[in-house]
Amino acid sequence: MTKENQTDLAVSTEQPNIIPAKIRKSRNISPFWLLPIIALIIGASLFFQIIKEQGETVRITFTSGDGLVANKTQIRYQGLQIGLVKKVNFTDDLKLVKVEASIYPEAKTVLRANTKFWLVQPNASLAGISGLDTLISGNYITLQPGDGDYKYDFTAENGSQIVQLAEGDLLIHLLSDDLGSISQGASIFYKKMPVGKVLDYRFTKDQKQVEINVAIEKQYAHLIKKDSRFWNISGIRANMDLSGISLNIDSLQAVVRGAITFDSPEKSDSAESEQQYTLYPDLSSAQRGIEINVTLPSENTFKVGKTEVFYQGMQVGMLTQMSDASIDSDNRTGKLLLNPSVKDILRQHSKIVIRSPKVDLINLDKLPELLRGQYLEIIAGDGEPSIEFNVLNEKELLLSQPNALQITLTAPETYGISQGQEIYYNNISIGQLVEQQVDTNGVEFKAVILPSYRHLIHADTQFIAASNFAISLGTDGLRMQTPAAGNWLQGGVKIINHNKQGHAKTQYPIYKDQESAEVGITANELKPSLTLKTTQLPNISKGSLVLYRQYEVGKILDVRPLKDHFDVDVAIYPKFMHLLTNNSLFWVESAAQIDITPKGISIQATPIGRSLKGAISFDNSGSGKNTTLYANELTAKSAGQVITLTATDATNLSKGMSLRYMGLTVGEIDSISLDKSNNKIIAKALINPNYMNIVAKEGSLFKVISPEISAGGIENIDSLLQPYIDIEVGAGKSKKQFMLYDKSTRQNNKFSNGFPIILETSDASNISSGSPVMYRGVDVGKIRNLELNNMGDRVLIYVIIDNKYAHLVRTNTQFWLSSGYTAGVGWSGIEVNTGSVQQLLKGGISFSTPSSTVVQPQAKTNQRFLLQIRRPDDSKRWDSGVMAE
C-alpha cells in the first residue's frame, strides 16, 4: 500500500461534523405561466381587430337582384371600395331582394338617413354609354351620402344614372309645369358650356309642378345669382306656316337627354344652396335679356316670339314685339329681347340685318340654317352704346359698305338668276345682285362687289350665269352643261378672269354659259355675219362649224336652196369678228386626206363630230369681198390660176386628181371635157398661186402616174388609190397649155426618135409589140410593131433602139430570142438559162456583136437582121466593145 492510500483511509475512518438542513417554502410564481397569459392577450386583440375590420352591417332592399353576388359584389364610393355584399336573399313575400353588406369602419359615416344607394350596371342609349367599368369588374353598388341620423336599413334607388353631388357643389331646385325632355344627368349650360347636371326630379307635394334638383359644379357655383332665370333648350322646336319653316335644334346631347340654360344679371347676390327657381319653356318666356327698339321693313315674314336673332351663328335673342303694318308707312316698329352677353356689341355703328336661308348642297353643315327660316343677324360695330337700330336688308347692308364696287350687269333674259343671289369667284361669295329690272330690251341687274374683293374685277372679267342648265342633242351625242352642285338651287353669277387687264368697268354682259363666254356670245340667238353662195351643196348643214386655221370661230345658222344656187348663212362669234375681213376666202373643209407614198399610207382625218356635222374654213388670202363658198381650199385659192392639159385618153383622169411637183401637191384637175373637133381630151387644172410661176413654163412635162403591176413587182405604189399627174418643170417662158402624157405616150415618146432596124423571123409566137430589146441584160430598145411581109413567109419585127445605144448595133451584130427559160442536156450536164419574169410573160430580144480584131461599121437605118431562135453557142465569149462616135 502506498503512502497516499494510507492517508485516504485514515480520513475516511474519522467521524464527520454534520449540520442539519433548514427547509423554507418559495412564494414566487413560475415564469412558465406568462406564456398562456400573453397568448390570451394577443388572441383578444386579434378578435377585437377582426370585429372592427368587419365594419358596419347594413341592409339594402332592391327591386331586382341582377348582378348581385355574395362575397363578390362591391360597394363603391367615388371609385374606391368601401364595402362588400355578404348575403343576397329574397324578402318574405319574394317581391324584393334583400342584401346584407358590410361597410368598412372608415366609411361608416356615410350611413345616414338621407343616403341613397343604387346599382351600377352597363347601359347604352341615345343619351350615351355608362357603366363601362362594370364590364370588367361586374355590377357594383354605389351611393350618394346624405345627412340625418345614422341608419342601417335602406331602400335602393331605381336607375343607375343618378348624378352625385360632390363637396362644394351648389344644389338648387327648378320648378316647372312639366318635365319636358329633361332626364337624369341632363346638362346645365351657361353660354353653351356645361356647368352642372340634373340630379333627379319629383312632383311637388301638391303634385301640381315638377321639382328638378340640379347640381352646379363648385367652380361654376358663383355664376348662379338670386335673380338668375332658367329655361329649357332641349328637344327640337319647329314651326311651319306660310312664311316658311322655323326649326330650332340645339346640340345632339340636348336633343337626346335634354338640357337647361340660364342667364344671370351682373348686379345680383350669389345664390344659396337649396334655392328655388322657375324653369321657363324657352328664352322668350323667360323674358330675360336686354330690350332694344328696332325699325323693320313692312314687307317681311317676321313672327313675334318666333323670329330669332343670331350673333356669330349663335342665337342671342328673339323678336318680342312688332307693330301692325300701315299703308302710310313702309316700316314697322318692334322690340328685340337679347341675351345680356351681347351687351357690349350693341353700339352706334353695329348693324342688324335680315337674313334669308340659302340652299347649299356642298356645305350640308348649314342645313339647320336653312330650316330656321328668315332671321336677324347682329354685325358688331363701334361707337357709343345704343338700344335703337334700323333693321337693314342685305341690299342696304352691301350699299352701305364703304369702297364697295357697284356695277351693272345686262342680259337678254334672266338665265335662271334673280335679285338677292350671290356673285362667286372660285365658289367664294364676293358680292350680290341687289336689284333687278326687266324691260323689253332684256334684264338689268345692279350688283355690289364687297370691298375686300373689288380687286378681282377687271376690264376683261366675264360674268356667267351659275345656275343655268343647257342640254343639246347633236351628231356628237347628248351634251349637257350643268353648274356646280352648290349652284343648282341657290343660283347666282360666277366670274372668270383671263388676262386681268384694265380697271373695272361700270357695265358688263352676263353670259348664258361657259361656252358662250369663251366665244363672246351675249344674245340668245346668233345673227348671220354674212351669207355665202355655192352652186352645189357640199357636206354641210345647219350647225356645221366655221373654222379659222382649224379653230372654231363660228357656226352655220341656215342653208337655203334657191333656184340656181344655195345661200349659206354664217355667224362668226363676236369674240372673233375681227378675223372677218373683205379679203376672207371660204371653202368646205374635207373630212379626211389620204396620202400614199413608198414610205406608207398617211391619213389625216378630222374629229368624228366635225366629219358628221361638216365644217367650212376661211382665211384672209383673197382680194376683194368674195362671198363664194368654194368646194375646197385649193379651189378657193386657185381662182384664175388655170392651165389646160390635152390628152389622147381619159382612162386614168378624174376630177380632183392632184398635180404634184417634187412630191408636193400644187394643183388638181377641176374639169375634164372632150374636144370633138380634134378628138382630144381637154383637162382644166387649178394651180396653187404659190406654184403657178414655177410649173407653168415652156418645156414643162406633165405625166400621168398610175400603178404598174407586173410579175416583176409594183411600180408607182403611191398612185395605187388614185393616179396623179407628175410635173417636170421646164425653163422656158410662161405657158398655160400643155400636152398630158400617159404611160403609152411616154414609152412611144422615149423611142420615137430612136434608131430603127428590122428583124426577120419565121415565127413570132414568143414576142409582142412593146417587148424589150436587151443588150447584156440592159433595156436599150423596144419592139414597135410586128407585121408579115408581102409573101407571108416571114415576120417583120420593127425595133427602135435608143439613140445613145445605136452605136452598139454593128453590121455583123446577131439577134436572138431571150423570152424566158431555156434548157439543154449535153455531155457536160444540164444547162438552164433564165430571163426576167417580164421576159417570160412578154418575151424579148437580145443582141450582141461577135468579137473580132476588126470592128465592123455601124448598122444603117432600117437595116435588116435575122432573128435567131437560140442564143449562139459562143456568144458568152463575145466581149468586144464599141465607143460611140
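The values are calculated or read from the model by the stated rules, or taken from the named source; none is laboratory data. Note that the structure is a prediction, hence the values are computed from the model and not measured. No Cβ is skipped: glycine too gets one built from the backbone with ideal geometry, and neighbour counts run over all protein chains shown.
For residue 151, are the conditions met, namely being basic (Lys, Arg) and closer than 30 Å to residue 100 by Cβ? So that I can check it myself, show each step before the final result.
Values: basic (Lys, Arg): yes; closer than 30 Å to residue 100 by Cβ: yes.
Against the criterion (basic (Lys, Arg) and closer than 30 Å to residue 100 by Cβ), residue 151 qualifies.
Cβ-Cβ distances below 7 Å connect the following pairs, each with a first residue in the range 89-114 that is farther than 21 Å from residue 66 by Cβ, a second residue that is in a strand (DSSP E or B) and among the acidic types (Asp, Glu), and a separation of six or more residues or different chains: 103/56; 108/56; 111/56.
Each residue in the range 500-544 was checked for being surrounded by 17 or more Cβ atoms within 10 Å (Cβ to Cβ) and over 29 Å from the mean Cα position of the chain (by Cα), and 8 pass.
Output the number of the condition that residue 388 fails; it satisfies all remaining conditions of (1) at pLDDT below 75; (2) farther than 17 Å from residue 313 by Cα. The failed condition is (1). Quick check on the range 207-224: of everything there that is of a type outside the set (S, T, N, Q) and surrounded by fewer than 18 Cβ atoms within 10 Å (Cβ to Cβ), which residue is nearest to residue 269 (Cα to Cα)? Top of the filtered list is 222.
With respect to the conditions (1) assigned to a strand (DSSP E or B); (2) surrounded by 15 or more Cβ atoms within 10 Å (Cβ to Cβ); (3) modelled with pLDDT under 85, residue 831 falls short on a single one, namely (2). Of all the numbered requirements in (1) modelled with pLDDT under 85; (2) surrounded by 13 or more Cβ atoms within 10 Å (Cβ to Cβ); (3) closer than 30 Å to residue 286 by Cβ; (4) not aromatic (Phe, Trp, Tyr), residue 130 misses one, and that requirement is (3).
Just to be sure before I move on: is residue 55 under 22 Å from residue 145 (Cβ atoms), modelled with pLDDT of 70 or more and loosely packed, with under 10 Cβ neighbours inside 10 Å in the structure I sent?
Numbers: under 22 Å from residue 145 (Cβ atoms): yes; modelled with pLDDT of 70 or more: yes; loosely packed, with under 10 Cβ neighbours inside 10 Å: no.
So residue 55 does not fit the description; no.
Looking for something modelled with pLDDT of 90 or more, aromatic (Phe, Trp, Tyr) and under 20 Å from residue 197 (Cα atoms) - is there at least one such residue anywhere in the range 269-280? Looking for residues that are modelled with pLDDT of 90 or more, aromatic (Phe, Trp, Tyr) and under 20 Å from residue 197 (Cα atoms), one finds at least one in the range 269-280, hence yes.
Anything in the range 165-186 that is modelled with pLDDT of 85 or more and among the polar types (S, T, N, Q)? List them, or say none. Correct list: 176 only. Figure legend. Inter-residue proximity from the range 169-195: first residues at positive phi, second residues surrounded by 19 or more Cβ atoms within 10 Å (Cβ to Cβ) and among the hydrophobic types (A, V, I, L, M, F, W, C), beta-carbon distance below 9 Å, spacing 6+ or different chains. Indicated pairs: 180/279; 185/162; 185/198; 185/199.
Condition (residue is in a helix (DSSP H, G or I), surrounded by fewer than 17 Cβ atoms within 10 Å (Cβ to Cβ), modelled with pLDDT under 90 and over 36 Å from the mean Cα position of the chain (by Cα)) applied to the range 435-443: is it met by at least one residue? Lay out the reasoning, then the answer.
So the first thing to find is which residues in the range 435-443 are in a helix (DSSP H, G or I), and the list is none.
Checked the range 435-443: no residue is in a helix (DSSP H, G or I), surrounded by fewer than 17 Cβ atoms within 10 Å (Cβ to Cβ), modelled with pLDDT under 90 and over 36 Å from the mean Cα position of the chain (by Cα).
Every residue, every condition in (1) farther than 17 Å from residue 632 by Cα; (2) modelled with pLDDT of 90 or more, yes or no:
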site	(1), (2)
525	yes, no
532	no, yes
539	no, no
574	yes, no
581	yes, yes
590	no, no
611	no, no
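For every residue, the table says whether it meets (1) surrounded by fewer than 17 Cβ atoms within 10 Å (Cβ to Cβ); (2) within 14 Å of residue 312 (Cβ to Cβ); (3) at pLDDT 90 or above.
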{"residue": "339", "(1), (2), (3)": "no, yes, no"}
{"residue": "350", "(1), (2), (3)": "no, yes, yes"}
{"residue": "354", "(1), (2), (3)": "no, no, no"}
{"residue": "362", "(1), (2), (3)": "yes, no, no"}
{"residue": "369", "(1), (2), (3)": "no, yes, no"}
{"residue": "384", "(1), (2), (3)": "yes, no, yes"}
{"residue": "398", "(1), (2), (3)": "no, no, no"}
{"residue": "403", "(1), (2), (3)": "yes, no, no"}
{"residue": "406", "(1), (2), (3)": "yes, no, yes"}
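In the range 644-669, the residues that are among the small types (Gly, Ala, Ser) form no Cβ pair under 8 Å with any partner that is part of a loop (DSSP other than H, G, I, E, B) and surrounded by fewer than 14 Cβ atoms within 10 Å (Cβ to Cβ), whether six or more places apart or across chains. Of all residues in the range 642-662, those satisfying the criterion of being within 55 Å of the chain's Cα centre (by Cα) and not in a loop (DSSP other than H, G, I, E, B) are 658, 659, 660, 661. For the range 544-554, give me each residue that is over 15 Å from residue 588 (Cβ atoms) and not aliphatic (A, V, I, L, M). Passing the criteria: 549, 551, 552.
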